[in-house]
1. Nearest 500 deg cm²/dmol is fine: what mean residue ellipticity at 222 nm does the chain get from its DSSP H runs of n ≥ 4 alone, each adding -39,500 (n - 2.57), divided by its residue count?
2. What is the calculated FRET efficiency for ASN33 to GLU58, with r their C-beta to C-beta distance and R₀ = 25 Å, to the nearest 0.05?
3. Can you give the extra length, in nm with one decimal, that the chain gains between ASP126 and ALA105 once fully stretched, where that is 0.36 nm per residue apart less the Cα-Cα distance?
4. ASP81 to ALA42: extension gain in nm, 0.36 nm per residue of separation minus the Cα-Cα distance?
5. For ARG94 and ALA69, what does the FRET efficiency come to when R0 = 25 Å and r is the distance between their Cβ atoms, rounded to the nearest 0.05?
6. Helix 38-59 versus the longest principal axis of the chain: what is the Cα-based angle in degrees, 0 to 90, to the nearest 10?
7. What whole number of Å gives the distance from the Cα centroid of segment 12-69 to the Cα centroid of segment 103-120?
8. Using only the Cα atoms of the chain, what semi-axes does the equivalent ellipsoid have when each is the square root of 5 times a gyration tensor eigenvalue? Give whole Å, largest first.
Amino acid sequence: MGFRSFLHRITAPHPSGPSPNGNCKMVFVVNHNLKMGKGKIAAQVGHGAVLATMKAGEKKPMYLEKWLASGQKKVCVKGTDAAHLLDLQTSAERGGILTTLVHDAGHTQIPSGSLTVLALGPHVDDILDEITGELKLL
């Protein structure tokens, strides 16, 4: 742990809010229609993980704390296309799950603005499985 992280940990207020009941994970739904290379997928999922972590720290800090304390489980699955990712986002938001969309800047393989990844969570494993459990692993 770096010095800045140490200072933040001892000076930041303790997270508050409802505590999740069960183990937490993040799920990343990758837009399989874009035919991204492995490195591109890794970069886009990385963007999603960072953005989802920051959002959780602001909106659901107890879920973030539970996820961090339990090993930061992450699962990557295949989504059909952008419309599929948006449908999943709608379902997740109805269930109170944090969602984060990742759009590409267009510097390399795919057009600017393409929806590459939907990040879900961190949230309770079983609840995320209700939405993404039938999708194939990446």
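Read-outs: derived from the displayed coordinates by stated rules, not from any lab. Since we're looking at a predicted model, the values are computed, not measured. As a convention, Cβ positions derive from the backbone with ideal geometry for all residues, glycine included, and neighbour counts pool all protein chains shown.
1. On the way: 5 runs with 61 residues, N = 138.
-14000 deg cm²/dmol, from helical runs alone.
2. Between ASN33 and GLU58 the formula returns 0.20.
3. In short, 4.2 nm is gained.
4. 12.3 nm
5. For ARG94 and ALA69, the calculated efficiency is 0.35.
6. Helix 38-59 sits at roughly 40 degrees to that axis.
7. Segment 103-120 and segment 12-69 have Cα centres spaced 17 Å from each other.
8. Over the Cα atoms of the chain, the semi-axes work out to 27, 19, 12 Å.
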